[in-house]
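Each remark here refers to the structure printed beneath this line.
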Amino acid sequence: MSESPVTVPVCYRHPSKETYIRCTRCDRPICPDCMNEASVGHQCPECVAEGRKTQRPARTAFGGSAAGRSFTVTKWLIGLNVAAMIASVISGGLGAVAGGGWGGLLGDQTPLTVRGAVIALYGLPGAEHGVAAGEWWRLITAMFLHYGVLHLLMNMYALWILGRELEASLGRLRYLGLYLLAGLGGNVASYLFDPRSISVGASTAVFGLMAAIFVILRRLNRSVAPIAPVIVINLIFTFVVSNISIAGHLGGLIAGGLAAGVLAYAPKQRRTMFQSIGLGIIAAVLIGAVVVKTLSYY
């Protein structure tokens, strides 16, 4: 009478590899390449993936996704601004880079900046252009356009420093909403209180980010010493240096601070709902102000 041969278990994912290790969840044999260390024993890749589906994703202190720590939104925002500068150079030549204001350090206007800047009305009667003429996109496009490379670099450096902190704290969507509301708030303020100016730049949104970091630090009971001097210096710079949109910077600062307050102080219960409603109210007020101002022209 012959004995049946003893079979050695093989990895269910790699049949050529013998193993005596089994997944603690499904009990299938797994080789060292497939092992994932668990609290007890080891698990196979499929059980690990299944377990992740049932785990609640990590959240920040303000309800955002921890995915914001990859700074994806900040990188995309910087990329959009750089792409807009390249498009501006293509439309207006090297004069878009430098040769304009601030002793030639800033760039001149280009067809793209003229078409996308915040301005109330310009042109002949009956053929006007501007926000009041129905070109509402200017309130958005202006925050991605710049007068020259120096203007772009200053704002992008500030965006990189401030944006990463806020995106990690708030998560991607909340941070993006904050950024857009701050930029919109600054451009709306420019339209309301300085309608004869032609303004572009991400500084409206950047000022909002500065205010937001101040609010976030206060909410976390941390020192505001790192950001307070930065805000003061930039405000002084705004009022002292010529050809800067004071209304735009202050509008962005206020809108960003209000949006950050909504995100930071929303109650934990139904936090996302309160945050969404709060940001929606800010957006509605800004849009309403634009409508009222526009109607006053006609």
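The values are calculated or read from the model by the stated rules, or taken from the named source; none is laboratory data. Remember, it's a predicted structure, so these values are computed and weren't measured experimentally. Neighbour counts are summed over all protein chains in view; Cβ atoms, including those assigned to glycine, are modelled from backbone coordinates with ideal geometry.
See the values below:
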item	result
Considering residues of region 148-170 that are of a type in the set (Gly, Ala, Ser) and at pLDDT 90 or above only, the residue nearest to Ser88 (Cα to Cα)	Ala158
Test for Leu263: is it touching a residue at least 60 places away in the same chain (Cβ under 8 Å), more than 18 Å from the chain's Cα centre (by Cα) and surrounded by 15 or more Cβ atoms within 10 Å (Cβ to Cβ)	no
Long-range neighbours under 8 Å by Cβ, at least six apart or interchain, first residue outside the structural domain of His146 (by TED's automatic domain parsing) and surrounded by fewer than 17 Cβ atoms within 10 Å (Cβ to Cβ) within region 65-77, second of a type in the set (A, V, I, L, M) and modelled with pLDDT of 90 or more	Ser65/Leu173; Arg69/Ala168
Inter-residue pairs, beta-carbon under 8 Å, first surrounded by fewer than 17 Cβ atoms within 10 Å (Cβ to Cβ) and in region 24-39, second aliphatic (A, V, I, L, M) and assigned to a loop (DSSP other than H, G, I, E, B), 6+ apart	Thr24/Ala38; Thr24/Val40; Pro32/Ile21
Residue within region 187-202 that is surrounded by fewer than 24 Cβ atoms within 10 Å (Cβ to Cβ), assigned to a helix (DSSP H, G or I) and in contact with a helix residue (DSSP H, G or I) (Cβ under 8 Å, 6 or more places away or on another chain) present	yes
Residue satisfying all of: in region 205-258; aromatic (Phe, Trp, Tyr) and either over 22 Å from Leu77 (Cα atoms) or outside any helix (DSSP H, G or I) (or both); farthest from the chain's Cα centre (by Cα) among these	Phe239
Residue ID - farthest from the chain's Cα centre (by Cα), chosen from residues in region 107-117 that are over 15 Å from Arg196 (Cβ atoms) and among the small types (Gly, Ala, Ser)	Gly107
Number of the exception - Gly68 against (1) in a helix (DSSP H, G or I); (2) out of contact with any Phe, Trp or Tyr (no Cβ under 8 Å at 6 or more places or on another chain); (3) modelled with pLDDT under 85; (4) not charged (D, E, K, R)	(2)
Any hit, region 80-98, residues being surrounded by 19 or more Cβ atoms within 10 Å (Cβ to Cβ), under 21 Å from Leu181 (Cα atoms), in contact (Cβ under 8 Å) with a residue 40 or more places away in the chain and assigned by TED's automatic domain parsing to the domain that holds Ile198	yes
Test: residue in region 94-108 that is modelled with pLDDT under 85 and under 20 Å from Ala205 (Cα atoms)	yes
Total residues in region 150-165, condition within 15 Å of Phe207 (Cβ to Cβ) and in contact with a Leu (Cβ under 6 Å, 6 or more places away or on another chain)	2
Breaking point among (1) assigned to a loop (DSSP other than H, G, I, E, B); (2) under 26 Å from the mean Cα position of the chain (by Cα); (3) modelled with pLDDT of 85 or more, for Ala120	(2)
Tally of residues being closer than 30 Å to Ile213 by Cα and either at pLDDT 80 or above or in contact with a Pro (Cβ under 6 Å, 6 or more places away or on another chain) (or both) across region 32-62	0
Residues satisfying the stated conditions in region 112-140, i.e. touching a residue at least 24 places away in the same chain (Cβ under 8 Å) and surrounded by 19 or more Cβ atoms within 10 Å (Cβ to Cβ)	Leu112, Thr113, Gly116, Ala117, Val118, Ile119, Ala120, Val131, Ala132, Arg138, Leu139
Any hit, region 134-144, residues being more than 18 Å from Leu286 (Cβ to Cβ) and at pLDDT 90 or above	no
